[in-house]
2 protein chains.
Amino acid sequence: MPRISRRAFVAAATLLPLGASASSMEIKKDKPKLVHHVFFWLKDPSSAADRDKLLAGVKTLKNIETIKMLHVGVPASTEKRDVVDNSYHVSELMFFDNVEDQKVYQDHPIHQKFIKEHSMLWDKVVVYDVMESV
Amino acid sequence: MPRISRRAFVAAATLLPLGASASSMEIKKDKPKLVHHVFFWLKDPSSAADRDKLLAGVKTLKNIETIKMLHVGVPASTEKRDVVDNSYHVSELMFFDNVEDQKVYQDHPIHQKFIKEHSMLWDKVVVYDVMESV
């Protein structure tokens, strides 16, 4: 991650704590506002090897400089409720500063390589893009 | 937000930057690992007033002390693609340290008050709980 991006992230993180006294203008300027959340369903849900390969692939995306934060995971062992969808196999959650940075990610060679080398593993993908409401 | 929680969050955020040299043990210990992502579909999608009331309601949840980060938003103006679901109206994304802290949130009076005062606004809710894979 380039030094400038890390500095920018730390600056943003300093503003992130809930209840902090930063003005809304500062938060608007510095906090990563765009969430990109992707859920993958494997072609072969019984294959732990396929899941692990996909998890490892998603983690290579962290080297794309416009990603401000990356969380990669699997269904949590929270309470089972009708509203909870725990049918997916891998989750990829990223924060970007804005829509333009997310487009850089979409077109980035590392992302294209990830798709080329892993898309045979998944059966379905659902994406949610969320812009912060301030 | 209690002082101790804010300090803990800042400490965690310091470890969050991608590519930082913190050991994996430190990251495991301090980074909020559990994502709770809720999508709401309004009963009346044409009502901006209902959407704004729901957005304001979700924002009251930030006062629950086990929430380490809260992102509240609406569909982003990213590129329209088949895999992107932009049919929801409000998104609520939270980070917790663990499943126990998320249970505290579920049962918290502020959360129960939010449900009681806003559930008449939504037609559908979908929840994804994700545990980080490290």
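The values are calculated or read from the model by the stated rules, or taken from the named source; none is laboratory data. Small disclaimer: the values here were computed from a predicted structure and weren't measured. Neighbour counts run over all protein chains shown; Cβ positions are idealised from the backbone, glycine included.
The figures follow:
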{"read-out": "Test: residue in segment B:114-124 that is in contact (Cβ under 8 Å) with a residue 12 or more places away in the chain, within 19 Å of A:Pro75 (Cα to Cα) and either part of a helix (DSSP H, G or I) or of a type in the set (A, V, I, L, M) (or both)", "value": "no"}
{"read-out": "Qualifying residue in segment A:38-51 (condition: at pLDDT below 95 and within 9 Å of chain B (Cβ to nearest Cβ))", "value": "no"}
{"read-out": "Failed item in (1) among the hydroxyl-bearing types (Ser, Thr, Tyr); (2) farther than 24 Å from B:Met69 by Cβ; (3) not in a helix (DSSP H, G or I), with A:Ser77 passing the rest", "value": "(2)"}
{"read-out": "Residue, farthest from B:Lys68 (Cα to Cα), within segment B:105-134, restricted to residues that are surrounded by 16 or more Cβ atoms within 10 Å (Cβ to Cβ) and more than 11 Å from chain A (Cβ to nearest Cβ)", "value": "B:Leu121"}
{"read-out": "Pairs where the first residue, in segment B:68-82, is within 22 Å of B:Leu42 (Cα to Cα) and within 7 Å of chain A (Cβ to nearest Cβ) and the second is of a type in the set (S, T, N, Q) and not in a loop (DSSP other than H, G, I, E, B), C-beta under 6 Å, 6+ apart", "value": "B:Gly73/B:Ser91; B:Thr78/A:Gln102"}
{"read-out": "Residues within segment A:83-104 that are in a loop (DSSP other than H, G, I, E, B), surrounded by 17 or more Cβ atoms within 10 Å (Cβ to Cβ) and at the interface with chain B (Cβ under 8 Å from one of its Cβ atoms), tallied", "value": "1"}
